[in-house]
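Encoded as structure tokens, the structure appears first; notes follow it.
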Amino acid sequence: MAPLEPPLPFSADLPASPRHGPKGRTRLRNYFLTGLVVAGPLAITAYITWWLVTLVDGWVKPLVPTAYLPETYLPYPIPGFGLIVAFTALTLLGFLTANLIGRTLIDLGETLLNRMPVVRGIYKGVKQVFETIFSDSGTSFRTVGLVQFPVKGTWSIVFLSTSASPDMHERLPPAGDYIGVFLPCTPNPTTGFFFYLPRRDVIELPMSVEDAAKLVMSAGVIQPTDMQSRLQTLADLARAPEPAEDRRPTAA
């Protein structure tokens with residue numbers, strides 16, 4: 001009988017198992033990235049929602065008497081109770097304001113605020129901002145445009161505000177109608193720059209404010225459909241030479 005051969009050592013070259021080979025690792029990485037894409041937005045949305053609910057509860061609950069709080073009778077607090085109270089109170093306030101009695105009380109309160117030197121300016125400014133932004137007939141920050149910023153040849157997304165006031169327009173260099181624009185920063189569109197530009201230097205875009213906000217927050221990763229070609233067309237038109245009648249020599 002022939003002697004038995006010794007068994008192969010553990011480190012011998014053997015074909016890799018398809019389950020643990022390169023294809024298996026690639027498949028595992030794809031599964032992980034797919035799970036991250038699915039769970040990431042859900043987790044961030046849940047976190048922001050919970051933060052907002054907790055914030056409103058922290059503001060409203062101290063104003064509600066203890067006898068009306070659910071946790072007075074339950075062994076655990078109910079999240080969102082302050083949000084419900086705030087929504088109900090604001091809706092009731094709007095209903096009362098639409099009536100004659102409510103309008104009279106609001107006018108009386110505004111009359112008292114107008115007699116306070118410091119509070120008067122703050123209240124009027126904040127009220128004007130809210131009326132301009134949330135008005136159905138207003139157009140502020142509802143139109144998206146392109147401007148050359150920070151240097152000529154580079155284009156930035158802006159939100160169009162209102163035209164310059166007559167007093168400010170008189171002190172600006174003669175360049176036609178001036179309009180205020182807000183340039184949001186990436187990735188936080190609530191911060192940015194506000195400045196006045198000649199209306200002829202602003203290119204309005206057929207884009208909604210929501211799509212523009214997504215474009216800014218994602219640093220250009222999320223773009224609306226066919227928006228890249230539109231932006232290229234508008235940029236080419238802006239770079240086109242001006243007509244001959246617009247290039248008149250300036251008097252010395």
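The values are calculated or read from the model by the stated rules, or taken from the named source; none is laboratory data. The structure presented is a predicted model; accordingly, all values stated were derived computationally and were not measured. Please note: Cβ atoms are built from the backbone with ideal geometry, for glycine as well, and neighbour counts cover all protein chains shown.
Observations on the model:
- Evaluation of SER137 against (1) modelled with pLDDT under 80; (2) surrounded by 10 or more Cβ atoms within 10 Å (Cβ to Cβ); (3) within 30 Å of PHE182 (Cα to Cα) (one fails), failing number: (2)
- Within the range 186-205, the residues that satisfy the criterion of being surrounded by 12 or more Cβ atoms within 10 Å (Cβ to Cβ) and assigned to a loop (DSSP other than H, G, I, E, B) are THR186, PRO189, VAL202.
- Restricting VAL118, VAL126 to those that are modelled with pLDDT under 80, more than 19 Å from the chain's Cα centre (by Cα), within 28 Å of MET217 (Cα to Cα) and assigned to a helix (DSSP H, G or I) reduces the list to VAL126.
- Just one of (1) in contact with a helix residue (DSSP H, G or I) (Cβ under 7 Å, 6 or more places away or on another chain); (2) at pLDDT 80 or above fails for GLY180. It is (1).
- Qualifying residue in the range 208-229 (condition: polar (S, T, N, Q), modelled with pLDDT under 75 and in a helix (DSSP H, G or I)): yes
- Against the criterion of being modelled with pLDDT of 80 or more and either outside any helix (DSSP H, G or I) or farther than 30 Å from LYS127 by Cα (or both), ILE48 does not qualify.
- Selection of first residues in the range 85-110 that are under 30 Å from THR54 (Cα atoms) and of second residues that are at pLDDT 80 or above and assigned to a helix (DSSP H, G or I), restricted to Cβ pairs under 7 Å at least 6 apart or on distinct chains, gives the following pairs, ordered by first then second residue: VAL85/VAL60; ALA86/VAL56; ALA86/VAL60.
- Which listed residue is in a helix (DSSP H, G or I), among the hydrophobic types (A, V, I, L, M, F, W, C) and surrounded by fewer than 12 Cβ atoms within 10 Å (Cβ to Cβ), from LEU74, LEU96, LEU92, LEU83: LEU92
- Residue list for the range 52-71, restricted to those being loosely packed, with under 10 Cβ neighbours inside 10 Å and either within 23 Å of the chain's Cα centre (by Cα) or in a loop (DSSP other than H, G, I, E, B) (or both): PRO65
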